[in-house]
Structures are given as C-alpha cells and as structure tokens.
Amino acid sequence: MSEKKKLPDRQERIGRRLIHKGNIIELNEDLMRLPDGREETYDFIYHKGAAAVIPVLDDGRILMVRQYRNAIDDYTLEIPAGGRNSVEEPTHECAYRELEEETGYHADREDVKFLLTLYTTVAFCNEKIDIYVAKNLKRTAQHLDDDEYINVEAYTIDELTQKVTKGEIVDAKTIAGLMTYRATLG
C-alpha cells in the first residue's frame, strides 16, 4: 500500500469570467490560486440543478424514456429527468413535474420519495441531481416540451440491470439511480 500524502490546503477562486451563457448552462473560466501560490485557469460549467425520478408501476416495472441526445448523437434509455425552472425550485417539485411531462403518469406528492443526490461531472461542472422514486402512479397524458420527442417503455429492474451491465444504458444518473433503487428498495 502506498504512503498517504497530506492533501494541500484548499484552493482559492480569485476570479470568474463568463465565456458563454446558454439555455441550460453557463461556461466560465475560473482563475484559481493553488496552495503553492501559482495561478491556474480552470473551466467551470454552471448548472442550476435538476431532478430525476424512477417511476414504478404497480406491477414493479419501471417506466423509462427513450430520447435522442445531441451530446452523444444517439438515442438513450433513461429515467425521466429535467432541470429546475429556477435555483429556488425544490427538486421534489421538479421531479413531480418531470414525471408527468415525460411519462404521462402522475403520482401524489407523498408517493414521490427521495432516493439519492449525485453530481454528474465533478471535475468541471456543478450539476447536482436529486433522484426520487415515484409509486402509485396514475395514467394522465404526456406534456412534452416543443423540442422533446420521447417514447415511454416499461422494464423490470432485472431487465434494466442487464441493460446496464451490457452497456445498453450509458446515462450516469440512470445507472446510479437504478442500481441504488435495486440495492435499497428493489
């Protein structure tokens, strides 16, 4: 086993410059003072946060959404998720809203329970996603955004676990959510 090194004192952000403000993120350049006094430039992506939900049907199957993702130029199978409308919006409300918008199913607020929090890419982005589990679902109708094209599919947790291990599910929030659900509630 290698010898543990003492971690240096905390680095200090001494400046931030906005490079680009998009619809979902802000790209910034941070000027950082390192523990040894040197200054370095870091990329930083600001995100207002998001919520995701694992919708569980009465028979135990989980509703998933299949949609095109521009960043990887492919379709993905994911748990429903979306960004908060503002930094003040509670993630519980965001999860509740995204459930119905993307799947066309509704759950009473008390049937949407917190599961875990994760940061998607800690090296350069502050995006934080709270993941919930929704049960006692009632069928309503999808309310997709104008640019959303989503298919809803239902799978057992065993089928989804196989899709994860085969590399058919590649979305990090979905993998973390499903595996935590399986380990704690499934």
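Only the coordinates and a few stated rules stand behind these numbers; no lab work does. As the structure is a prediction and not an experimental result, all values here were calculated from the model. No Cβ is skipped: glycine too gets one built from the backbone with ideal geometry, and neighbour counts run over all protein chains shown.
Remarks
- Taking amide H atoms as placed 1.01 Å from N in the peptide plane, the amide H of I169 lies under 5 Å from those of V164, each 5 or more residues away in sequence or on another chain.
- Residues D30, D59 in ascending order of nearby Cβ atoms (within 10 Å, fewest first): D59, D30.
- For the chain, a Kirkwood hydrodynamic radius built from all Cα pairs, placed in the Stokes-Einstein relation at 4 °C and 1.567 mPa s, yields a translational diffusion coefficient of 71 µm²/s.
- Value of relative contact order over the chain, rounded to a whole percent, pairs C-alpha under 8 Å and six or more apart: 21
- Multiplying the residue separation of E168 and E12 by 0.36 nm and subtracting their alpha-carbon distance yields 52.1 nm.
- Between V122 and I19, the contour length at 0.36 nm per residue exceeds the Cα-Cα span by 35.1 nm.
- By the beta-carbon count within 10 Å of each Cβ, the least crowded to most crowded order of R10, R109, fewest first, is R10, R109.
- Modelled label reach - N151, point 7 Å along Cα→Cβ, region 168-186 residues with backbone N closer than 17 Å: 168-170
- Charged side chains reduced to their Cβ positions (Lys and Arg at +1, Asp and Glu at -1) give region 84-186 a dipole of some 540 debye around its Cα centre.
- Of all lysines in the structure, those lying under 18 Å Cα to Cα from K113, and not within fewer than 8 positions of it along the same chain, are K128, K135, K138, K173.
- Ordered by the number of other Cβ atoms lying within 10 Å of each residue's own Cβ, fewest first, R97, R182, R139 fall into the sequence R139, R182, R97.
- Considering only L137, L31, L57, the mean-square fluctuation computed in a Gaussian network model of the chain, springs between alpha carbons under 10 angstrom, is largest for L31.
- Under-5 Å amide H pairs with N126, H placed in peptide plane, nonlocal only: I45, H47
- With only Cα atoms counted, region 14-83 has Rg and Dmax values of 18.7, 59 Å.
- Extension gain (nm, one decimal) between N136 and E93, 0.36 nm per residue minus Cα-Cα: 13.8 nm
- According to the calculation over all Cα-Cα pairs in region 84-181, the P(r) per 10 Å bin from zero is 14, 40, 40, 6 %.
- Degrees, to the nearest 10: 91-103 long Cα axis against longest axis of the chain: 50
- The spacing between region 140-186 and region 6-62, judged by their C-alpha centroids, is 24 Å.
- Simple spin-label estimate for T41 and H143 gives 4.4 nm between the two label positions (7 Å along the Cα-to-Cβ direction from each Cα).
- Whole-Hz ³J(HN,Hα) from phi, Karplus 6.51 cos²θ - 1.76 cosθ + 1.60, for region 136-150, glycine and proline x: 6, 6, 10, 6, 10, 8, 5, 10, 6, 5, 4, 9, 9, 10, 10
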